[in-house]
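Worksheet for the structure shown next.
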Amino acid sequence: MLSKRIKPFLLKGLKTFRFLPLLAPFVVASLATAQPSEPELPSRMAWTAYNLGSTGYNQAVAIGAMLRKKYNVTLRVIPGQNDVSRLLPLKTGRVDFTANGVATYLAQEGMFQFARPEWGPQPLRLVMTSNGLSNQAVAVAADTGITSFAGLRGRRVPYVRAAPALNISMEAYLACGGLTWDDVVRVDFPGYDAAWNGVINGDVDVSFATTVSGPPFRLEASPRGIHWLPAPHDDEACWERLLAVGPYFTKHIATRGAGIDEDNPHEAGTYPYPLLTTLATQDDDLVYSLTRVISENYDDFKDSDPGAIGWALESQVFEWVVPYHAGSVNYWREIGVWTEDTEAHNQALIKRQEVLALAWTEMVARGISDQDAFVQAWQQLRAQRLEEAGYDSVWR
């Protein structure tokens, strides 16, 4: 069950992000009616996704199989080792969409790896997201005997190069235990899969993942075994520290994953994954059609991966931290699940991106050539301009 509480980040004074009840009778009635025309899709599309074997990659491939069977569309899914390798092809137009992680939010904010001069805040939009019965969480090798985040002090923790989404999420959970990167032994890896192989091979003791992703199951089957560390929902200090680093998390009880089921649930946090993401400039009709065919053909791929159930209509989260694309909004509005409150929330998120874009233009005009000085100045300017506009900057 998803918590109704998430740390405010949008506007000062905003207390919650609401998860819409989507199965009202009028919605069911809308779904039963015939759509006005056949969706229009290109014969070929390309997406990026997480590594081979990840749940995000598997779900993208399953959607591709549905597109091929139902609409004769060939979907090429390109695995990316890290956040930059997944988002750069989208930024440069080599792919149309990315089945991404929370790096979508970090790139929108122009922070961490995306604070560099060649990046800056990106005008990203959500198409649809998967919100399953899993958690985004941290697991240790069971043979370590570690049972809490505080127990990670002095332990070997992976740091995935060019993957701020993984590293910030790990940092957030370390904060739950009162720790920082200075309290652990950081071990660098080139990618997500390599970090998990590091746990299996004994090079590190812990890693971050979706509980239904492939690598945790490999750890569970290995001689080391797996244990997911809890972030107890009644531990207010833990969650205050966690949300200060990762405001995109919500409290969640997972019932699916490696070593997790309904009889052995896991209490920690989650966020949507994968996030089907595109640029604001993507064609409205294409986004509308893709949203529609994924939603209408959910039954064709829902059993393809343990996390694929998260694409169900009733699981969609419309008030998160990244705005939806106008094409998707057209579909959600057409079937009656897009409310006035949701539209107001979406427009506020778009306005936030506009504030960030103007601040970035101002930053670039300063002509700072030293990269470290540029990043530091950008972080300060970004926070200043967001707060002047009435937004929570989250990170300073």
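Scanning the range 130-148 for residues that are buried (at least 21 other Cβ atoms within 10 Å of the Cβ) and polar (S, T, N, Q) turns up SER130, ASN131, SER134, ASN135, GLN136. Scan the range 152-180 for residues that are without any contact (Cβ under 8 Å) to a residue 60 or more places away in the chain, in contact with a strand residue (DSSP E or B) (Cβ under 9 Å, 6 or more places away or on another chain) and not aliphatic (A, V, I, L, M) and the total you get is 6. Considering VAL127, VAL95, VAL102, the condition of being in contact with a strand residue (DSSP E or B) (Cβ under 9 Å, 6 or more places away or on another chain), within 30 Å of ASP205 (Cα to Cα) and buried (at least 22 other Cβ atoms within 10 Å of the Cβ) is satisfied by VAL102 alone. Filtered by the rule that a residue be under 30 Å from VAL394 (Cα atoms) and surrounded by fewer than 20 Cβ atoms within 10 Å (Cβ to Cβ), the range 200-240 gives PRO230, PRO232, HIS233, ASP234, ASP235, GLU236, ALA237, GLU240. None of ALA377, ALA373 is more than 23 Å from TRP320 (Cα to Cα), touching a residue at least 12 places away in the same chain (Cβ under 8 Å), of a type in the set (A, V, I, L, M, F, W, C) and in a helix (DSSP H, G or I) except ALA377.
Residues that are part of a helix (DSSP H, G or I) and among the charged types (D, E, K, R) were ranked within the range 288-303; the one that is nearest to GLY64 (Cα to Cα) is ASP300.
Could you tell me which residue of the range 245-270 is surrounded by the most Cβ atoms within 10 Å (Cβ to Cβ), considering only residues that are over 16 Å from the mean Cα position of the chain (by Cα) and in a loop (DSSP other than H, G, I, E, B)? Only one residue fits best here, namely ALA258.
Looking only at the range 304-357, residues that are closer than 27 Å to GLN379 by Cα and part of a loop (DSSP other than H, G, I, E, B) come to 6 in all.
Among the residues of the range 342-352, is any under 29 Å from VAL394 (Cα atoms), at pLDDT below 95 and buried (at least 16 other Cβ atoms within 10 Å of the Cβ)?
Taking every residue of the range 342-352 in turn, none turns out to be under 29 Å from VAL394 (Cα atoms), at pLDDT below 95 and buried (at least 16 other Cβ atoms within 10 Å of the Cβ).
With respect to the conditions (1) over 16 Å from ALA115 (Cβ atoms); (2) among the polar types (S, T, N, Q); (3) without any contact (Cβ under 8 Å) to a residue 12 or more places away in the chain, SER393 lacks only one, and its number is (1). If the condition is being surrounded by fewer than 18 Cβ atoms within 10 Å (Cβ to Cβ) and under 30 Å from ARG218 (Cβ atoms), then the range 33-61 contributes ALA46, LEU52, GLY53. Restricting the range 343-358 to residues that are touching a residue at least 60 places away in the same chain (Cβ under 8 Å) and touching a Leu at 6+ places or on another chain (Cβ under 9 Å) leaves a set whose member that is nearest to PHE318 (Cα to Cα) is HIS345. Every condition in (1) of a type outside the set (A, V, I, L, M); (2) over 21 Å from the mean Cα position of the chain (by Cα); (3) under 14 Å from GLY110 (Cβ atoms) holds for ARG352 except the one numbered (2).
The values are calculated or read from the model by the stated rules, or taken from the named source; none is laboratory data. None of the values given here were measured: they were computed from a predicted structure. In this analysis, Cβ positions are derived from the backbone assuming ideal geometry, glycine residues included, and neighbour counts consider all displayed protein chains.
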